[in-house]
Amino acid sequence: MSEISVGPKKVDASKRTWLIASGCAGAVGGVATAIPFVSTFQPSERAKAAGAPVEVDIGAMQDGEKITVEWRGRPVWILKRSKAQLEELAKLDGQLADPNSQRNPAEFTPKYAQNTGRSIKPEILVVVGICTHLGCSPIDKLQAGPQPSLPSDWQGGFLCPCHGSTFDLAGRVFKNKPAPDNLPVPPHKYLTDTRLLIGDDAAA
């Protein structure tokens, strides 16, 4: 009958070093593999930027000036209207499809913009520059007066080049045009008199 040794075995020093090195390498490799996997749970900078609010300084804007910023991949227009332009808005109600922004207000016009200027501050218009018909981007026709594809009594606004929808300087669509709704007003608020935050309208 052969004997089986159950006592402690002597391990060669070189084998012990190899085992320790292998274990360390395995641990490092596991961590290195886990880091990219775990990082996939975090949104990329691009993804965060796509939905993040956008802060804009409007302090230097002049009357009649329009700037465009990107929010969620869409153009947002900020227009500073002159006193004369604001006075003309109230005269257009009879020509507009939805002068009081009553259609789909939850989608197109927040409560704080349900007024003639569709704005928080009368002189500053903030709208998404996408036509509500088929998603084209209207072009600026801010100057008043007769122009190609526009009525002779044009008071300034926007013209969609795709199918001819026209919008006034409050982003309200004129009657008998393909666009069914006014240009959307995105959520926004003022951080200061000259700092505008687009994409967030929660009370501070």
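What the table below lists for this structure:
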{"read-out": "Note, ³J(HN,Hα) from phi for region 105-120, Karplus 6.51, -1.76, 1.60, rounded to Hz, x at Gly and Pro", "value": "x, 4, 8, 10, 9, x, 4, 6, 10, 8, 8, 4, x, 6, 8, 7"}
{"read-out": "Whether region 39-166 is rounded, prolate or oblate, judged on the alpha carbon gyration tensor where a/c under 1.5 counts as rounded", "value": "prolate"}
{"read-out": "Kirkwood Rh in Å, taken over all unlike Cα pairs in region 124-168", "value": "10.8 Å"}
{"read-out": "Residue-level accessible surface for residue 190, protein heavy atoms, 1.4 Å, Å²", "value": "50 Å²"}
{"read-out": "Placed amide H near residue 157: partners under 5 Å, 5+ positions off or other chain", "value": "141, 142, 143"}
{"read-out": "Cα centre as origin, Lys/Arg/Asp/Glu Cβ charges: region 149-194 dipole, Debye", "value": "120 debye"}
{"read-out": "Calculated from backbone phi, Karplus (6.51, -1.76, 1.60) coupling profile of region 135-151 in Hz, x at Gly/Pro", "value": "x, 6, 9, x, 10, 5, 9, 6, 7, 7, x, x, 8, x, 6, 10, x"}
{"read-out": "Solvent exposure ordering (accessible area, 1.4 Å, most first) of 131, 162", "value": "162, 131"}
{"read-out": "Amide hydrogen neighbours beyond the local backbone of residue 71, cut-off 5 Å, H modeled", "value": "76"}
{"read-out": "Of 66/121; 80/189; 83/177, those spanning more than 24 Å from alpha-carbon to alpha-carbon", "value": "83/177"}
{"read-out": "Rel. contact order, % - alpha carbon contacts under 8 angstrom, at least six apart, region 73-127", "value": "50 percent"}
{"read-out": "Estimated inter-spin distance, residue 193 and residue 83, nm [label 7 Å along Cα→Cβ]", "value": "1.7 nm"}
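The values are calculated or read from the model by the stated rules, or taken from the named source; none is laboratory data. This one's a predicted model, so the numbers in the text were calculated from it and none came from an experiment. So basically every Cβ, Gly included, is an ideal-geometry build from the backbone, and we count neighbours across all protein chains shown. In case anyone asks, the SASA skips ligands and DNA or RNA and just uses the protein heavy atoms, side chains included. Shrake-Rupley method; radii C 1.70, N 1.55, O 1.52, S 1.80 Å.
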